[in-house]
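All of the numbers you see were taken from the coordinates with simple rules; none came from a lab. Note that this is a predicted model, so its numbers are computed, not measured. Glycine gets a Cβ as well: all are built from the backbone with ideal geometry, and neighbour counts include every protein chain shown.
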Amino acid sequence: MMRDDELCVSKWIRAKREAVFAAFTEPELLRKWFCPRDLQVISAEADVRVGGAFRIRMNKGSEVHTVCGNYREVIPGQRLVFSHQWQELDAVTTRVTVEFSDCDGGTLVSITQEGFDTRQSKQSHETGWLSVLENLCEVMSPGGAR
Amino acid sequence: MVESSAYDLNLIFHALSDPTRRAILKTLTRHERPITSLAKPFEMSLAAVSKHVKVLERARLVHRTRRGSYSYLSLNGKAMGTAGQWLDHYRAVWEERLENLAQLLEK
C-alpha cells in the first residue's frame with residue numbers, strides 16, 4: 001500500500017532538461033509559475049546550494065501564503081531535494097525530491113514529497129503540485145501539453 | 001452502468017493519469033521486468049520509481065512476484081480490461097449517436 005505520508009506526481013514537459021532545471025532554480029523564472037493556478041507569485045528567492053534557503057510568496061486576493069525551506073541536495077540538471085514548509089499555516093515540514101530525466105524528446109519531472117501528518121494534507125498537496133506543474137508546462141511550452 | 005467490484009476505477013484512472021506510471025506500464029507490455037530495472041530508462045531514483053510502482057500495485061494494474069532476491073513486475077490485463085470496458089461503454093454510446101446524426105443529415 002502507498003503510505004499516507006508521501007505522494008508522487010510527475011509531468012512531461014516539452015523542453016530540454018537544463019531549461020526545466022533552470023525553471024526550478026532561477027528566482028526570476030520561479031516567479032512565473034511556482035504556485036497553484038488560482039494563485040499568483042508575489043516574490044521568489046532561491047539560494048540554490050546545499051543549506052541555502054528558498055522563499056516564495058504567493059497570493060489569492062488578500063490571502064497570502066509563503067512557502068519556504070532549505071536545499072538538502074543539488075545536482076544540476078538531475079536532482080533537487082529540499083525541505084518544504086508553509087509559513088502562515090501551522091504545518092509540518094515535509095521533504096520534497098524533484099528529479100529530471102530525458103524522455104521522448106522532452107523532460108519528465110518527477111516530484112515526491114514525504115512527511116505529511118495527515119492524509120488530507122497529502123491529498124491537497126498532490127492536487128496543488130498537479131496545478132503547479134500545469135503552470136510550469138504552460139510557461140515552458142505554451143500549448144505543449146501531452 | 002455496473003462497475004466491477006474487483007477493481008477500483010478511481011484507483012485505476014488515478015494511476016493512469018501520470019506519465020511516469022504510463023511509461024512503466026509500457027515497458028511491461030512485452031514481458032515482466034525486475035523492479036530494480038524499471039528506474040533505468042528514467043534517470044530517476046529507484047525510490048521515486050518504487051513510489052509509482054506502489055500506486056500501480058494499489059490499483060492492481062500490476063502484479064509483483066518474488067523469485068530469489070528479485071521482485072518482478074508484470075501487467076495485470078484484467079485491471080486494464082476493466083478500464084477498457086468503462087471506456088467502451090461510452091464509445092458505443094457515442095458511435096450510436098454519431099450514426100443517428102449521420103442518418104439524420106442524409107435525409
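List of remarks:
- Listing A:Leu39, A:Leu89, B:Leu104 from fewest to most neighbouring C-beta atoms within 10 Å gives B:Leu104, A:Leu89, A:Leu39.
- Remark: spin-label model distance A:Arg49-A:Arg119 equals 4.4 nm, labels positioned 7 Å along the Cα→Cβ axis.
- Computed over chain B, the quotient of the alpha carbon radius of gyration and 2.2 N^0.38 Å is 1.40.
- Non-local Lys pairs in the protein assembly as shown, i.e. 8 or more apart or on different chains, that have alpha carbons under 26 Å apart: 24
- Pairs of Cα atoms farther than 35 Å apart, the protein assembly as shown, %: 24 percent
- Per-residue [θ]222 nm for chain A (sum of -39500 (n - 2.57) over DSSP H runs n ≥ 4, rounded to 500): -8000 deg cm²/dmol
- Per-residue Cβ neighbour rank within 10 angstrom, fewest leading, A:Cys103, A:Cys35: A:Cys103, A:Cys35
- Size of chain A from its Cα atoms: along the principal axes, largest to smallest, the extents are 41, 39, 30 Å.
- Take every pair of alpha-carbon atoms less than 8 Å apart whose residues are at least six positions apart; their mean separation over the length of segment A:6-140 yields a relative contact order of 30 percent.
- Estimated from helical segments only, the mean residue ellipticity of chain B at 222 nm is -19000 deg cm²/dmol, where each DSSP H run of four or more residues counts as -39500 (n - 2.57).
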